[in-house]
1. Return one whole number: the accessible area per residue of the chain in Å², for a 1.4 Å probe.
2. Using a probe of 1.4 angstrom, how much of the accessible area of segment 24-116 is carbon and sulfur, in percent?
3. Non-local amide H neighbours of G63 (under 5 Å, H modeled in plane, Pro and chain starts lacking H): which ones?
4. Students often get this wrong, so check it: of K36/K96; K50/K168; K10/K122; K10/K169; K72/K152; K152/K181, which have C-alpha atoms separated by over 25 Å?
5. Take each uninterrupted DSSP H stretch in the chain, measure its Cα extent along the helix axis, and return the ones at 24 Å or beyond whose mean Kyte-Doolittle hydropathy is at least 0.0.
6. Among the trypsin sites (Lys or Arg not before Pro) in segment 144-180, which ones are in a DSSP loop with at most 12 other Cβ atoms within 10 Å of the Cβ? Mind listing them?
Amino acid sequence: MEVFNSDVVKAVSREELGISSDAVIVGTIAILRRKKGHHTLLDAIPLVLKEIPNAFFIFAGDGPQKENIERKIRELGIERNVKLLGLRQDIPEILKTIDIFALPTLQEALGTSFLEAMAMKKPVVGTRVGGVPEVVKDGVTGILVPPEEPLKLADAIITLLKDRDLMKKMGNEGRRDVEEKYSVDVMVKSLFDFYNSLIGEAVR
């Protein structure tokens, strides 16, 4: 996770992304497939903008839902506040740029994207599905909501964007959690202990 170190990674310039200096940025990084829940986030965006007009949303990734997402953005009239970045190779830099990471996925095995965002000290908003609750501590490193509920998703995003202290606290807790559970040293020790237990069983 050292690639995702907010102390050394440089943010992508807002000028490059076409985002104003006073905007607060919500980002999501995922392949554009329906199971990732982009449609739920899009439905939540107008609700967020009513409370926080300077919110801006960036989607990094490509996939089969791109045209549907573009059409929905037009239908909702949120073109000025949403930008599709396409496939990016500079994910740590994108994460450094955003204020909140949000991914209302419908299914998720491990939640690697949440770990990457947490490693970059970003508060996260996710859904209570698959392995996400194992990675995101609700109320500590982020906020979990039910899948496909735009209103609750919007409430979670608004709650964070209105409380910079909470955002910072959750971001720091997320980084600490990643270091304690998912660092290379921790993973190697876990693997070492596992093999030792197998050897012990074989000997007995």
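The values are calculated or read from the model by the stated rules, or taken from the named source; none is laboratory data. Every value quoted in this text rests on a predicted model; they were computed, and no experiment measured them. A quick note on method: Cβ atoms are made from the backbone with ideal geometry, for glycine too, and the neighbour counts reach across all protein chains shown. For the accessible areas, the whole protein counts, side chains as well, though only heavy atoms, and no ligand, DNA or RNA atoms are used. Shrake-Rupley method; radii C 1.70, N 1.55, O 1.52, S 1.80 Å.
1. 52
2. Carbon and sulfur atoms account for 46 percent of the accessible area of segment 24-116.
3. Correct list: L32.
4. Correct reply: K152/K181.
5. On the way: long enough: 164-182 (26 Å, -1.92); 184-203 (28 Å, 0.85).
Flagged H segments are 184-203.
6. Answer in residue order: K162.
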